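What follows is one structure encoded as structure tokens, with my remarks underneath.
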Amino acid sequence: MQITLPRIGTVAAWRQQVRKLAAAGIDPQAVIWSVGAAAPDLFATAAPAPGVATPLMLSLEAVDGIEMALLHSDPERFSRAHALVLRLSKREVRWGDRSDPLMRRLLDQQKAVGREIHKMHGFVRFREVSPPGANRRAFAAWFEPDHPVLEAAAPFFARRFGDMDWLIATPTLTARCEAGEMRIEETEARQPPPKDAAEELWRVYFASIFNPARLMVKAMKSHMPQKYWKNLPEADLIPDLIRSAETRVRAMHDPSAPAPETLPGGRMRKKLR
Amino acid sequence: MVQRTLPEKLSILADAAKYDASCASSGGERRGSRDGKGIGSTTGAGICHAWAPDGRCISLLKVLLTNFCIYDCAYCINRVSSRVERARFSVEEVVSLTLEFYRRNYIEGLFLSSGIIRSPDDTMSEMVRVARTLREREHFRGYIHLKTIPDAAPELIAEAGKWADRLSINVELPTETALTQLAPEKSVQTIHGAMAEVKARGEAAKDRTARGTRAPRFAPAGQSTQMIVGADPATDGEILRKSSHLYNRFALRRVYYSAFSPIPDASRMLPLIQPPLVREHRLYQADWLMRNYGFDATEIAPPTGMLDLQIDPKLAWALAHRALFPVDVNRAPREMLLRIPGIGPRSVERILKARRHRTLRYEDLLAIGCVLKHAEPFITLPGWSPRALPDDANLRARFAPAPEQLSLF
Ligand code: SF4
């Protein structure tokens, strides 16, 4: 049996379907899940033979954990979570028991999703797109998450940017907040908004706050993996900052050495006298 | 004075602020702007928005209001006798930079400090003006950390706490001797006095009086401080004892350690070499052990007074107390589990929880997330028992040398 979940509200739709499937006693292995445009009512199409119904009883912690893990990009996530919901309800496995392989897999994916949401909160970069004469300022961002986490990540931005309109577009979905009303829609234009002027100041800041005497590239890359760099306006400064670090440190020890520094924007600044 | 452009000022005043280790935006109250009347929120945990190639998180716009300074602290690039380029932001410039960066999701808020211009009170009141403008006029609800000048008037400290989430007062150096020598205008008494003041006001703000009225809001994310490591001969033992004292006496949230960094145009009173960054790293580990594992400063710092640079302080402690190991993972109390190398507080909680249901085996520890490579020699449980602990030298060799990312180049 095929179930196609909608792209918007995927998790809520999955939950609804699992409730019906459990009531009909349908074996998780008999279901093939996918995400797409339309969601025809599955029970209208041919459903497998019903079995014994399982009453679903889950702790709140388990529900939250499963819903989060479902934001992973792994196509197997829906059937895995379906099976786990049944096993948890039958008390065949305890929520959080990492010695169970299925449980552990789900917990790991939950963690990966949590991390992606957290990274998204940090790495989204808005650019100003206020129309002339508007009384609210407007900003837009383009972000490419590894997992489809936009719906879960977006409320954070609504809480934070109360007095401005904003939009975050990802390759599939877009979150848009206008006059305090947020909604999720399909993405129209798959491209970043045009640069804005404040970006140059941010790049100046990024280059200046870095201490060349403490170069630790590995630590930086583990926290800010390179896959995010292409949408970070400051990231293309990094190779040069690393390359010039040693010369700059030597110049600190030896004040007679000339230490010209190139700032973003191409201006030169003599650092030492 | 030359008229500088905004990018030039930003470049100079961020450069001057980079020696401050703290960039935390955590702690304190949770706020939002869903009501549409302002901008900003705080999450409690804080978010890093970028990482610099020095491996440090960028969470706040960390700048000086000015790097002009009338003091002459030898370790500081901004001291009056340094020939560094100088600049000064106006209040409006800092306010606008903070807001414009914030709106683009570059930062969590502002960390403002300053060199001392004219007088401590003058400087402090300008810093307070930045915070007040952000809060009152701009309705900014993001994070604000103000570096407090210890000699500033108590009213100014009170107002700083009204607007800021966190205040910090740097102790700068671990001993009084070093402070007198390297920062002649500063005094331990004044620094401690200001810390006590911040602590008292913070506590008052949390207490209700008998009539149910509250004292004014005061820096809900508490206070922190920073100590420079390696600019004076203080040992790690002295440093940790100082930290422990500060944590207990002034209820500090954090002590930051900053390995003395070579600065352009350095004073001749300073050592020419930089202490290894791994020393700073070990101090952070030791500090972490004091705050989260129930270790006491005197337990961690060895008799020689210096931490082992090759192995982490928890392992060093275990090696020095071999008679207490191996620990039976299924029976040992929480405090003892916390002392096993390779097992952190999260794993300890998971062990305690799982233990209620069944006896744990070796494989379970793996699933729980313990670093068994480190833990193995120190534990016993079904599926694993260590042979006699190998001798000290061998065991040490197994864990040394320090991880490579800590070397400089
Ligand atoms: S008072 Fe502060 S800015 Fe001035 S020299 Fe001392 S440490 Fe530097």
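Which residues belonging to segment A:164-202 lose at least 50 Å² of 1.4 Å-probe accessible area when the assembly is complete, relative to their chain isolated?
Relative to the lone chain, where solvent access is computed with a 1.4 Å probe, segment A:164-202 loses at least 50 Å² at A:201, A:202.
When the accessible area of the protein assembly as shown is computed with all protein chains present and a 1.4 Å probe, what percentage of it is carbon and sulfur?
Here it works out to 54 percent.
Going by Cβ distance under 4.7 Å, what cysteines of the protein assembly as shown have no possible disulfide partner?
A:177, B:23, B:69, B:370
With angles folded into 0 to 90 degrees, how steeply does helix B:236-250 sit against the dominant principal axis of chain B? Use alpha carbons for both and round to 10.
60 degrees
Please work out the C-alpha center-to-center distance from segment B:19-83 to segment A:95-153 and express it in whole Å.
24 Å
Based on the alpha-carbon gyration tensor of chain B and its eigenvalue square roots a ≥ b ≥ c, which shape applies: rounded if a/c is under 1.5, prolate if not and a/b is larger than b/c, or oblate?
Prolate shape, in that a/c is at least 1.5 and a/b is the bigger ratio.
How about residue B:314: which aspartates and glutamates have a C-alpha closer than 17 Å to its C-alpha, ignoring those fewer than 8 places off in the same chain?
B:236, B:280, B:287, B:296, B:299, B:335, B:376, B:392
Against the longest alpha carbon principal axis of chain B, how many degrees, from 0 to 90 and to the nearest 10, is the axis of helix B:154-163 turned?
70 degrees
Between B:90, B:125, B:59, which gets the highest mean-square fluctuation from a Gaussian network model of chain B, Cα cutoff 10 Å?
Comparing B:90, B:125, B:59 in a Gaussian network model of chain B, the most mobile one is B:90.
May I ask for the accessible area buried between chains B and A, both sides summed, probe 1.4 Å, to the nearest 100 Å²?
6200 Å²
Could you work out how far the C-alpha centroid of segment B:319-352 sits from that of segment B:99-118, in angstrom?
Segment B:319-352 and segment B:99-118 have Cα centres spaced 43 Å from each other.
Show me, for segment A:168-174, the HN-Hα J-couplings you get by feeding each phi into the Karplus relation (A = 6.51, B = -1.76, C = 1.60, θ = phi - 60°), rounded to Hz, glycine and proline as x.
10, 9, 10, x, 9, 10, 10
Between residue A:172 and residue A:130, what FRET efficiency comes out of the Förster formula 1/(1 + (r/R0)^6) with R0 = 25 Å and r the beta carbon distance, rounded to 0.05?
After rounding, the FRET efficiency stands at 0.45.
If R₀ is 41 angstrom, what is the calculated FRET efficiency for the pair residue B:371 and residue A:179, using the beta carbon separation as r and rounding to 0.05?
0.20
How big is the dipole moment of chain B about its Cα centre under a simple scheme where the beta carbon of each Lys and Arg is +1, that of each Asp and Glu is -1, and everything else is neutral? Debye, nearest 20, please.
Roughly 1560 debye for chain B.
What accessible area per residue, rounded to a whole number of Å², is obtained for chain A using a probe radius of 1.4 Å?
Result: 48 Å² of accessible area for each residue.
Tell me the net charge near residue A:106. Cut-off is 9 Å between Cβ atoms, residue A:106 excluded, with +1 for each Lys or Arg and -1 for each Asp or Glu.
Taking every Cβ under 9 Å from that of residue A:106, the sum is +3.
Show the residues, 5+ positions off or on another chain, whose built amide H is closer than 5 Å to the amide H of residue B:259.
B:229
Output the residues of segment B:253-277 meeting this criterion: accessible area (heavy atoms, 1.4 Å probe) in the chain alone minus accessible area with all protein chains in place is 40 Å² or greater.
Those residues are B:262, B:264, B:277.
Hey, can you find the accessible area per residue of chain B for me, probe 1.4 Å, expressed in square angstrom?
Averaged over the residues of chain B, the accessible area is 41 Å².
Please list, in chain and number order, the residues 5+ apart from residue A:173 or on another chain whose amide H is under 5 Å from its amide H, with Hs placed from the backbone.
Excluding prolines and chain starts, which carry no amide H, the hits are A:187.
For residue B:236, what is the net charge nearby, where nearby means another residue's Cβ is under 9 Å from its Cβ and Lys, Arg count +1, Asp, Glu -1?
Summing Lys and Arg as +1 and Asp and Glu as -1 gives +1.
Enumerate the amide H contacts of residue A:234 below 5 Å, restricted to partners 5 or more residues apart or on another chain; note that Pro and chain-start residues carry no placed amide H.
Those lying under 5 Å, H to H, from residue A:234: there are none.
What pairs from A:119/A:230; B:147/B:186; A:227/B:18 go past 20 Å between their alpha carbons?
Those over the limit are A:227/B:18.
If you put +1 on each Lys and Arg Cβ and -1 on each Asp and Glu Cβ, how big is the dipole of the protein assembly as shown around its Cα centre, in Debye rounded to 20?
Once rounded to the nearest 20, the dipole reads 840 debye.
Which angle from 0 to 90°, rounded to the nearest 10, does the C-alpha axis of helix A:77-89 make with the longest principal axis of chain A?
The helix A:77-89 is inclined about 60 degrees to chain A.
For segment A:223-238, take each phi angle, set θ = phi - 60°, evaluate the Karplus expression 6.51 cos²θ - 1.76 cosθ + 1.60, and give the result in whole Hz per residue in order, putting x for glycine and proline.
Taking θ as phi minus 60°, the curve returns 7, 10, x, 4, 4, 7, 4, 5, 9, 9, x, 8, 5, 6, 7, 4 Hz for segment A:223-238.
Short version: which residues of segment B:90-106 lose at least 40 Å² of accessible area, all chains versus chain alone, 1.4 Å probe?
In segment B:90-106, residues shielded by partner chains: B:101, B:103, B:104, B:105, B:106.
Excluding residue B:183 itself, calculate the net charge of residues whose Cβ lies under 11 Å from the Cβ of residue B:183, where each Lys or Arg counts +1 and each Asp or Glu counts -1.
-3
Using R₀ = 60 Å, calculate the FRET efficiency as 1/(1 + (r/R₀)^6) where r is the Cβ-Cβ separation of residue B:359 and residue B:177; round to 0.05.
Computed FRET efficiency for residue B:359 and residue B:177 comes out at 0.60.
Can you list the GluC sites (Glu not before Pro) in segment B:99-200 that are in a DSSP coil and have 16 or fewer other beta carbons within 10 angstrom?
Loop-located and lightly packed - B:185.
Using helices alone, what [θ] at 222 nm do you get for chain A, with -39,500 (n - 2.57) per DSSP H run of 4 or more residues, divided over all residues and rounded to the nearest 500?
-12500 deg cm²/dmol
I'd like the GluC sites (Glu not before Pro) in segment A:118-188 restricted to DSSP loop residues with at most 11 other Cβ atoms within 10 Å, sorted by number.
A:188
Within straight cross-link reach of residue A:218, meaning Cα distance under 12 Å, which aspartates and glutamates are found once same-chain residues fewer than 8 apart are removed?
B:54, B:404
The values are calculated or read from the model by the stated rules, or taken from the named source; none is laboratory data. As the structure is a computational prediction, the values presented were derived from the model and not from experiment. Note: ideal-geometry Cβ built from the backbone for every residue, glycine included; neighbour counts use all protein chains shown. Just the protein is used for accessible areas: all its heavy atoms, side chains included, with ligands, DNA and RNA removed. Shrake-Rupley method; radii C 1.70, N 1.55, O 1.52, S 1.80 Å.
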